[in-house]
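A quick write-up on the structure given underneath.
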Amino acid sequence: QVQLVESGGGSVQAGGSLSLTCTASRGYFIMAWFRQAPGKEREGVAAIDSAGYIMYADSVKGRFTATQDNKNAKSTLEMNSLKPEDSATYYCAASRFALRVDIRLSSSAYTVWGQGTQVTVSS
């Protein structure tokens with residue numbers, strides 16, 4: 001069964017905002033966000049651990065904000081100043097165990113995934 005569920009995707013014009021939510025049935029040490037556009041590699045967007053330490057991809061720093069609560073059983077990704085190149089399917093991933101900082105934005109580090117939610121940004 002699906003262990004993580006994403007919600008909040010939709011369509012927005014460039015410069016607008018969307019908020020995504022990932023909900024889990026239990027707490028995780030790390031919750032992370034990835035995105036994948038058609039024909040492109042899956043890209044790490046943000047990762048947050050239970051202590052509140054957050055990492056962001058350079059492409060979203062200053063525009064996106066990740067949060068967690070409920071002992072890291074829930075994560076939100078606030079996306080502001082959206083650009084057409086942000087259009088993608090956004091996935092939530094989680095790790096029960098600690099991961100080295102240098103791999104927390106690598107998709108291969110995770111085995112627990114949500115089904116994805118679509119984000120479309122028009123010009």
When you check Ala51 against the structure, is it over 14 Å from Ser87 (Cα atoms), surrounded by 15 or more Cβ atoms within 10 Å (Cβ to Cβ) and out of contact with any Ser or Thr (no Cβ under 6 Å at 6 or more places or on another chain), yes or no?
no
Go through the residues of segment 97-120 one by one and say whether even a single one is over 17 Å from Cys22 (Cα atoms) and in a strand (DSSP E or B).
yes
Val12 - would you say it is exposed (fewer than 12 other Cβ atoms within 10 Å of the Cβ) and in contact (Cβ under 8 Å) with a residue 24 or more places away in the chain?
no
If a residue has to be closer than 25 Å to Pro38 by Cα, assigned to a strand (DSSP E or B) and not aliphatic (A, V, I, L, M) to count, how many in segment 50-74 make the cut?
3
Which ones in segment 63-88 are of a type outside the set (Asp, Glu), within 15 Å of the chain's Cα centre (by Cα) and open to solvent by 20 Å² or more (accessible area, probe 1.4 Å)?
Arg63, Thr65, Thr67, Gln68, Lys74, Thr76, Asn80, Ser87
Residues located in segment 89-123, provided they are out of contact with any strand residue (DSSP E or B) (no Cβ under 6 Å at 6 or more places or on another chain), open to solvent by 60 Å² or more (accessible area, probe 1.4 Å) and not hydrophobic (A, V, I, L, M, F, W, C)
Arg96, Arg100, Asp102, Ser108, Thr111, Gln115, Ser123
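The values are calculated or read from the model by the stated rules, or taken from the named source; none is laboratory data. Please read these numbers as outputs of a predicted model, since none were measured by experiment. Cβ sites come from the backbone with ideal geometry, for glycine too, and all protein chains shown count toward neighbours. SASA here: full protein model, heavy atoms, side chains in, ligands and nucleic acids out. Shrake-Rupley method; radii C 1.70, N 1.55, O 1.52, S 1.80 Å.
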